[in-house]
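To start, the structure itself, in structure tokens.
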């Protein structure tokens, strides 16, 4: 294994993780957006001629709730983004570590001195 | 030219080695199978309750549902505690202290809001079910009200389940 192969492995791993992460996050955001829109539409209809027509306190509860649900959606997206960054980083670290192990093993370093996974950064 | 190309590649590899030091990182908590199982279990019970009252339910009928509400509130409360008290990796905690993240993500109850998002979502599930219970007990539930509570619940449980499922890595 040479430097070019290690780099190719790293880029391939990175690309895979970023694609998976993007698919997860975009699917989640689209689903949440659809559900929030559905709720907004329902609240508007109920406010005009439904159980919320004469109930300001309950209407405020649902409107405030939508705001908090939206904030939590954004926090969830931030967490999924952090997870994607973690997985992308680790995919690169694993590919790099694998290449280093191959090179070092080829140079005669005993396998028991080469951990199979990279150390965790504390 | 070929030599220059190879030199560039080797230089890039050297910097990659230097930058990454071959270290893995952890930014979000570990996967918790028990938490996910608990969410799936409580979700089934919540959807059953919504199905029971989807055509509306009077205040007189509330006593026959009181236990269902109590069980749901107890289950989601326990799940929220479990999610809230889990181990957040040190690197993530240090990241959460950065001003840009702290200002946006932190809440009074959860300083790691963007790195452990489920407690806030489960907390909103609890607030939603409690409000629905109180309305049911005091005035009964019209079908439109059930839809509004159900819509909120769907948003919140989707957040918690998506995040917890994603942690299985």
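Read-outs: derived from the displayed coordinates by stated rules, not from any lab. None of the values given here were measured: they were computed from a predicted structure. Reconstructed Cβ throughout: ideal geometry from the backbone, glycine too, with neighbour counts over all protein chains shown.
Numbers for the structure displayed
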{"quantity": "Peptide B:142-151 - average C-beta neighbours from other chains (10 Å radius)", "calculated": "6"}
{"quantity": "Least to most buried among B:138, B:124, A:71 (fewest other Cβ within 10 Å first)", "calculated": "B:138, A:71, B:124"}
{"quantity": "0 to 90° range, to nearest 10: angle between helix A:3-49 axis and chain A longest Cα axis", "calculated": "10 degrees"}
{"quantity": "Residue-averaged beta-carbon neighbours from other chains (10 angstrom radius) around A:7-18", "calculated": "1"}
{"quantity": "Isotropic mean projected area of the C-alpha convex hull, the range B:23-147 (nm²)", "calculated": "9.1 nm²"}
{"quantity": "Mean Cβ neighbour count within 10 Å, used as a protection proxy, ranking A:26-39, B:36-49, B:141-154 highest first", "calculated": "B:141-154, B:36-49, A:26-39"}
{"quantity": "Pair residue A:5, residue B:103: separation of 7 Å Cα→Cβ label points (nm)", "calculated": "4.9 nm"}
{"quantity": "Inter-centroid distance (Cα atoms) of the range B:113-162 relative to the range B:36-94, Å", "calculated": "9 Å"}
{"quantity": "The range A:9-77, Rg to Rh (Cα coordinates; Rh as Kirkwood inverse mean 1/r)", "calculated": "1.27"}
{"quantity": "Order of A:97, A:89 - criterion: other Cβ atoms within 10 Å of each residue's Cβ, fewest first", "calculated": "A:89, A:97"}
{"quantity": "Peptide B:56-64 - average C-beta neighbours from other chains (10 Å radius)", "calculated": "0"}
{"quantity": "Where Rh is the Kirkwood radius over Cα pairs, Rg/Rh for the range A:32-122", "calculated": "1.47"}
{"quantity": "Pairs of alpha carbons in the protein assembly as shown whose separation is greater than 32 Å (percent)", "calculated": "40 percent"}
{"quantity": "Ascending count of other beta-carbon atoms within 10 Å, so fewest first, for B:71, B:53", "calculated": "B:71, B:53"}
{"quantity": "Spacing of the two label points (7 Å from each Cα toward its C-beta) at residue A:71 and residue A:49, in nm", "calculated": "3.5 nm"}
